[in-house]
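The next block holds one structure in the form of C-alpha cells; read it before the comments.
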C-alpha cells in the first residue's frame, strides 16, 4: 500500500520512517537532503558544514559532513555529529531572521519535525511533492 492510498497521515508516517531508516550519522542525512531531495528543496534551505582534512583538500574531496542545517520559515533544524560518533539535534525558533529560542532534541524528534516541514513544503510545491514521492517509492 502506498502513502497516497493511506492519505496524508499515512504519507507522513512513511516519510518519518524513511528518514529514520539507517540514518545514524550526519553523512547519511546529508546524502538524503542534498542528493535525494536536494533538487526539490528551495536553494539555501539545506546547508552543510564539512571538516576537510589536508588529504581531502589535496584530493579535491569535499570532506566529512559534521553539521546539517535545514532552514524553514519559522525554524532552523540543526543536526550535528557528536564527538563520540553519535548525532545530536537542535530546533531553533526563528522570528524575522532572529533565533529566539533553542532546544536540544533527540534525532527522533528532529526527524519528525523535519518530516512535518517537508510535508508542508510538498503541499505547496509540485516539484517537492514529486521528489518526496520518488523518495518514498510511491
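The values are calculated or read from the model by the stated rules, or taken from the named source; none is laboratory data. All of these numbers come straight from a predicted model, not from anything done at the bench. Virtual Cβ from ideal backbone geometry, glycine too; neighbours counted across all protein chains shown.
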task = Search the stretch 20-36 for residues that are within 14 Å of residue 107 (Cβ to Cβ) and pair each with any residue that is part of a helix (DSSP H, G or I) and modelled with pLDDT of 70 or more when their beta-carbon atoms are under 6 Å apart and the residues are at least 6 apart or on different chains.
result = 20/111; 23/29
inquiry  = Return the residues of the stretch 76-102 that are touching a helix residue (DSSP H, G or I) at 6+ places or on another chain (Cβ under 7 Å) and farther than 30 Å from residue 54 by Cα; say none if nothing qualifies.
reply    = 91
task = Residue by residue through the stretch 65-92, note down the ones that are surrounded by 16 or more Cβ atoms within 10 Å (Cβ to Cβ) and assigned to a loop (DSSP other than H, G, I, E, B).
result = 72
request  = Out of the residues in the stretch 92-118 that are within 12 Å of the chain's Cα centre (by Cα) and under 15 Å from residue 74 (Cβ atoms), state the one that is modelled with the lowest pLDDT.
outcome  = 118
request  = Within the stretch 38-64, track down each residue that is assigned to a strand (DSSP E or B) and closer than 27 Å to residue 125 by Cβ.
outcome  = 46, 47, 48, 49
